[in-house]
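Shown next, in structure tokens, is the structure this report addresses.
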Amino acid sequence: MAKKRIDDYEPGPVPPPAPLDRFGFVKQELSYSHDDSMKGRSAYEYEREERRVRKWRKMIGVGGSDWTYYVKRKPHVVKRRIRKGIPDCLRGLIWQLISGSRDLLLMNPGVYEQLVIYETSASELDIIRDISRTFPSHVFFRQRHGPGQRSLYNVLKAYSVFDREVGYVQGMGFLAGLLLLYMSEEDAFWLLVALLKGAVHAPMEGLYLVGLPLVQQYLFQFDNLVREYLPKLGEHFTQEMINPSMYASQWFITVFSYSFPFHLALRIWDVFLYEGVKIVFKVGLAILKYCHDDLIKLPFEKLIYALRNFPEDAMNPDTLLPMAYSIKMHYDLNA
């Protein structure tokens, strides 16, 4: 019997309309959202945001034509602005420019179409099985076999063919899903390639190879960093037999896109694509530092829960990210 591809399925019924946040996720009742922090903004604040967008447009030029020149001429300005957050309306384009994926796209015309249409993958059924688990509360991905799920399938299938050694691993769906909310299928595919193959920073494909070798390396390094920067908490973790694999694996596998609120994950991704994986370590240390006094009092069961369910005030990017940026690491993460 021939395999069924996602293209062979009819789209399911469209889910009933529900109140959405500004990113397209179904709002959770009684939960603080980033939208709440945007309410009641003054005319001055809106004007300030418009000025910020104009600065970014001037910096990148038409279609990104001035970006390389500006980065070379004013790298500190670029870094500072990225850390403050890329304007949402420009995020997709900027991510492609800072990741190196735009260059890969231009150097490989027609390759994505070939991978999607003419190649077959041993991972197709696994991808179809997992599609509905990726951002299930987002309006783009909610409809079974709808446009969002089809696009996600196409990107993941194409990558599993492009790199058969990696193939497909479940956590990759959150990376591809996040990218698809800001760019086309083909653009998302090449950004995934840029990340996993190391167009700008160290390759990330080890996060998804058999045995997850890079995940194991990062967790070992993170454990050492906790003991160095937060020695009392590190000692408490030892006493309660807590290790980073119990709470931090998804931080690295999905770069916080699975476990953190979306508005915070976006801000982390802005920096991650420009500065590399070091920001994942810094944010991890910052969240533990922020919750340090509470965590150090908890026994094993409550500690595990707390490490997977951080309080909402700890998820404020304007509080957490400056803490992360202030952490000075003298540790070779590629060793």
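When the Cα positions of Pro231, Ala324, Val155 are compared along the charge dipole of the chain, Ala324 comes out farthest toward the positive end, with charges on each C-beta of Lys, Arg, Asp and Glu. Ordering Pro261, Pro244, Val200 by Cα displacement along the dipole of region 190-288 toward the positive end leaves Val200 in first place; charges were set at the Cβ atoms of Lys, Arg (+1) and Asp, Glu (-1). For the chain, a simple Cβ point-charge model (Lys and Arg +1, Asp and Glu -1, everything else neutral) yields a dipole of about 1120 debye relative to the Cα centre. Rolling a 1.4 angstrom probe over the protein heavy atoms with all chains in place gives the chain an accessible area of 50 Å² per residue. Among the trypsin sites (Lys or Arg not before Pro) within region 274-335, those in coil by DSSP and having at most 15 neighbouring Cβ atoms inside 10 Å are Lys297, Lys328. Measuring with a 1.4 angstrom probe and ignoring ligands and nucleic acids, Lys79 comes out at about 80 Å² accessible. How big is the accessible area of Ile117 in square angstrom, nearest 10, if you roll a 1.4 angstrom probe over the protein chains? Looks like 90 Å² after rounding.
Can you return the aspartates and glutamates within cross-link range of Lys328? Criterion is Cα-Cα under 13 Å, with same-chain partners fewer than 8 residues away left out. Those aspartates and glutamates meeting the cut-off are Glu228. From the P(r) of the chain, could you give the percentage of C-alpha pairs in the tail past 32 Å? Cα-Cα pairs in the chain separated by more than 32 Å: 33 percent. Annotated for region 46-169: lysine pairs at least 8 residues apart or interchain, Cα distance under 28 Å, count 10.
Here the chain is scanned for GluC sites (Glu not before Pro) in DSSP loops (not H, G, I, E, B) that have at most 10 other Cβ atoms within 10 Å, and the longest stretch holding none of them is 166-335. Leaving ligands, DNA and RNA out of it, report the carbon-plus-sulfur percent of the accessible area of the chain at a 1.4 Å probe. That share works out to 54 percent.
The values are calculated or read from the model by the stated rules, or taken from the named source; none is laboratory data. Predicted model only: the values in this text are computed from it and were never measured. For neighbour counting, all protein chains shown are included, and Cβ atoms are generated from backbone atoms with ideal geometry for every residue, glycine included. Note: areas computed on protein heavy atoms with side chains; ligands, DNA, RNA excluded. Shrake-Rupley method; radii C 1.70, N 1.55, O 1.52, S 1.80 Å.
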